[in-house]
Each structure stands twice: as C-alpha cells, then as structure tokens.
Amino acid sequence: MNITWLDALGWTATGAFALSYAFRDPASLRKVQALAAMLWIGYGLAIQSMPVVASNLIVATLAVFSMLARKQAETARR
C-alpha cells in the first residue's frame with residue numbers, strides 16, 4: 001500500500017479531529033479543533049473541494065473566536 005502525502009494529510013486531519021474529543025479543558029479542545037480544521041482546509045484546497053474548505057473555515061473561525069471570547073471574559077472578571 002502506497003500512502004501519498006495527500007492521504008497522510010487527510011488521515012492526520014482525521015486523527016486530530018478525533019483526538020479533540022479526548023480533551024476536557026475547553027481551551028485545549030478548541031485549540032485542537034482549530035488545528036484539525038486547518039489541516040482539513042489544507043486537504044480541501046489540495047483536492048479542490050470548496051465545501052471541505054468552507055465548512056472547516058467556519059469551524060476554525062468559531063473555535064478561534066470562542067477561545068478569544070472566553071479569554072477576554074476571564075480577563076474582564078479579574
């Protein structure tokens with residue numbers, strides 16, 4: 001079996017997404033989800049699939065914004 005770099009990218013993205021479910025800390029969860037989404041965006045660009053790119057761009061954006069909003073709320077409470 002010959003695995004291409006594209007296959008490796010897709011499997012890495014899948015693994016990162018699955019790994020995100022192992023995190024209980026919301027900040028860690030969102031970081032891993034954002035990373036997985038970025039990997040999926042790269043995969044989607046490589047296979048020229050705009051639905052893959054668009055859906056994961058949404059996921060990555062929401063993950064980053066929720067991390068920033070949570071951090072800002074914690075800072076405001078201090």
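Count neighbours as other Cβ atoms within 10 Å of each site's Cβ, and list the trypsin sites (Lys or Arg not before Pro) in the stretch 1-62 that are DSSP loop with at most 12 such neighbours. Numbers along the way, then the final one.
Values: sites: R24, R30, K31; in loops: R24.
Hits after loop and neighbour filter: R24.
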Exercise for review: Round to the nearest 10 and give me the degree value, 0 to 90, for the angle of helix 5-19's Cα axis relative to the longest principal axis of the chain.
Suggested key: 30
Review point. Tell me, what HN-Hα J-couplings in whole Hz come from the Karplus equation 6.51 cos²θ - 1.76 cosθ + 1.60 at θ = phi - 60° for each residue of the stretch 63-78, using x for Gly and Pro?
Key: 5, 5, 4, 5, 5, 5, 5, 5, 5, 5, 5, 5, 5, 5, 6, 7
Revision key, fill the gap. Once both label points are put 7 Å beyond Cα along the C-beta direction, the S55-T4 separation in nm becomes 2.1
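Under the rule of -39500 (n - 2.57) per DSSP H run of 4 or more residues, summed and divided by the residues of the chain, what mean residue ellipticity at 222 nm is obtained, to the nearest 500 deg cm²/dmol?
Working: 3 runs with 64 residues, N = 78.
After summing the helix terms and dividing by residue count, I get -28500 deg cm²/dmol.
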Review point. If you average the sequence gap of Cα pairs under 8 Å that are 6 or more apart and divide by the length of the chain, what percent do you get for the contact order?
Key: 28
Check your understanding: Pulled fully out, how much extra length does the chain show between E74 and D25, if you take 0.36 nm times their separation in residues and subtract their Cα-Cα distance?
Key -> 16.2 nm
Revision key, fill the gap. Between F65 and W11, Cβ-based FRET efficiency (R0 22 Å, step 0.05) works out to 0.20
Exercise for review: Work from the charge dipole of the chain (Cβ charges, +1 for Lys and Arg, -1 for Asp and Glu, about the Cα centre) and give the residue of P26, V52, T4 farthest towards its positive end.
Suggested key: P26
Revision key, fill the gap. Amide H contacts under 5 Å for S49, restricted to residues at least 5 apart in sequence or on another chain and with H modeled in the peptide plane, are none
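So, counting K/R as plus one and D/E as minus one, what does the shell of residues with Cβ under 15 Å around D25 add up to? Could you put the intermediate results ahead of the total?
Details: positive: R24, R30, K31, R70, K71; negative: E74.
Computed value for this residue: +4.
Every read-out reported here was derived from the displayed coordinates using simple, explicitly stated rules and does not represent laboratory data. Since the model is a prediction, treat every value here as computed from it, not as a measurement. Neighbour counts are summed over all protein chains in view; Cβ atoms, including those assigned to glycine, are modelled from backbone coordinates with ideal geometry.
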